[in-house]
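Since the structure comes first, as structure tokens, the remarks are kept for the end.
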Amino acid sequence: MKSCDNQRALFLLRTYNDIDHIIPIIWKAVTEGWRAYFVFVDKDYSNDYRIKFITAHGARSIRSVPIEWYHTKVRRLFKFRIIRRAVDRLVAYFVGLFFLLRYRINIVANEWSGPFGREQAEYYLRAAGLLNLPVYSLPHGFFLWLNPLFNKEISTVYMESGKFPDFSNRNWFEKYIVQSPEHKAANIEYGMDPNKLVILGSARFCKEWSAINYRLLCEGGDFSENNDFTVLFFLPHWDYNVYRDRCISLLEKISKLNYVRLEIKTHTRGTGALDSTENNIFQSLSNVRILDDSVHSTLLIKGADVVVNCGSSVAFEALRQRKLVINPMYLHDNSTFFDYSRAVVDAIDEKSTLKLIIDAQSGHCISPQQTDIDEFLHRRVDGNSSGHDVLQSYINLLSGD
């Protein structure tokens with residue numbers, strides 16, 4: 001393993017989900033003595049509490065003004081794609097190269113993506129490739145699916161070509177980190193080299209970071225103002241084989257339960273939101289609150305009595321907080337890690353889902369055993385080995401160990 005003093009890593013952050021899943025690794029890097037830098041390659045999240053936390057610990061936000069200026073102001077002036085692509089490469093091979101050399105970067109980490117990322121990531125990734133730096137692809141989410149055609153995009157590709165998407169270009173990365181054998185198998189099916197794929201636990205939901213994240217958000221929080229029984233419903237990706245009509249029907253039925261407060265959380269990737277008609281219906285109800293990314297899921301879970309989760313990894317956070325999680329399997333056609341896991345309560349239709357909520361409200365719902373929940377979290381997010389340090393495993397990998 002390289003000396004910590006020699007580690008100068010650049011992390012590329014694009015979306016909210018990148019912040020959620022990659023920040024824990026940056027924090028671990030700086031606590032290990034690394035020089036950890038990060039660049040926002042699209043939206044600036046400087047005001048996020050996690051960004052403030054890692055900068056307080058020594059991580060450093062850096063930026064390339066020439067790259068930002070080119071990408072946001074100049075690039076769109078080129079009408080022909082071939083010209084844009086040629087200039088993109090020039091910017092990467094000159095400006096991006098100078099940037100990496102200036103900060104003496106020797107490790108680069110990006111989200112799950114193709115070899116040259118999205119938005120401004122390309123200018124840094126191409127330069128890293130030219131310098132033969134090790135570039136790693138880190139999770140910016142959690143792959144929950146047990147069936148191959150789990151969303152509209154994958155299904156369309158398969159229906160039109162008879163093949164799964166081609167991920168073979170992702171073999172460009174030094175290593176591509178996934179979080180389960182199932183996800184590794186899926187990426188191999190998509191054309192990735194098995195030797196490029198490494199299975200690690202979840203940086204976002206591992207025990208160490210979950211505790212830190214909870215402390216940052218929730219310690220000192222006061223939820224006593226809400227005396228109603230609170231049901232927190234996480235909306236799914238609508239394109240992930242979801243029966244939208246069933247989902248809306250369930251929301252409407254929950255909103256009509258006596259002495260129940262319903263909180264509806266939209267999906268962080270923007271594909272799980274209510275349309276204007278649906279939004280107007282629920283906004284008009286005094287016992288319903290619709291929430292977006294401005295309110296963090298960890299806080300909402302703390303204030304909830306029951307969490308209804310349909311194909312979202314945020315249920316791991318709810319299990320960490322020892323909340324009752326209802327898994328309404330009938331709302332979609334996918335199979336997930338949560339189904340029949342004994343860590344959550346499965347529901348097969350609307351009637352059984354409502355009954356579970358009513359039973360929980362009255363204190364008569366039979367909750368999963370904590371030993372089953374602990375075993376599930378241990379296997380799915382904590383690396384599935386006794387004493388495994390998830391965040392340290394990422395640092396070891398990035399070190400080339």
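Computed values, structure above
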| item | result |
| --- | --- |
| Breaking point among (1) in contact with a Phe, Trp or Tyr (Cβ under 6 Å, 6 or more places away or on another chain); (2) surrounded by 20 or more Cβ atoms within 10 Å (Cβ to Cβ); (3) more than 25 Å from Arg85 (Cβ to Cβ), for Phe164 | (2) |
| Options Tyr124, Tyr214, Tyr158, Tyr136: the member that is part of a strand (DSSP E or B), of a type in the set (Phe, Trp, Tyr) and out of contact with any Pro (no Cβ under 6 Å at 6 or more places or on another chain) | Tyr136 |
| Cross-chain or 6+ apart pairs with Cβ under 6 Å, region 228-240 first and of a type in the set (D, E, K, R), then modelled with pLDDT under 90 and part of a loop (DSSP other than H, G, I, E, B) | Asp239/Asn151; Asp239/Thr271 |
| Some residue of region 77-91 being more than 20 Å from Gly400 (Cβ to Cβ), surrounded by fewer than 23 Cβ atoms within 10 Å (Cβ to Cβ), under 22 Å from the mean Cα position of the chain (by Cα) and assigned by TED's automatic domain parsing to the domain that holds Pro139 | no |
| Residues of region 16-42 satisfying the condition of being assigned to a loop (DSSP other than H, G, I, E, B) and either out of contact with any Ser or Thr (no Cβ under 8 Å at 6 or more places or on another chain) or of a type in the set (Gly, Ala, Ser) (or both) | Glu32, Gly33, Trp34, Val41 |
| Members of region 32-73 found to be within 19 Å of the chain's Cα centre (by Cα) and among the β-branched types (Val, Ile, Thr), listed by number | Val39, Val41, Ile51, Ile54 |
| Single residue of Leu300, Leu319 found to be closer than 30 Å to Trp27 by Cα and at pLDDT 95 or above | Leu319 |
| From the options Glu252, Glu219, Glu263, residue that is in contact with a helix residue (DSSP H, G or I) (Cβ under 7 Å, 6 or more places away or on another chain) and among the acidic types (Asp, Glu) | Glu263 |
| Any pair with Cβ under 7 angstrom, 6 or more apart, that starts in region 69-88 at a residue that is among the β-branched types (Val, Ile, Thr) and ends at one that is not in a helix (DSSP H, G or I) | Val87/Phe78 |
| Exclusive hit being outside any loop (DSSP other than H, G, I, E, B), over 21 Å from Arg8 (Cα atoms) and at pLDDT 95 or above, set Leu90, Leu100 | Leu90 |
| Some residue of region 43-63 being in contact with a strand residue (DSSP E or B) (Cβ under 9 Å, 6 or more places away or on another chain), among the aliphatic types (A, V, I, L, M) and part of a helix (DSSP H, G or I) | yes |
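The values are calculated or read from the model by the stated rules, or taken from the named source; none is laboratory data. Every value quoted in this text rests on a predicted model; they were computed, and no experiment measured them. Methodologically, a virtual Cβ is constructed for each residue, glycine included, from the backbone with ideal geometry; neighbour enumeration extends over all protein chains shown.
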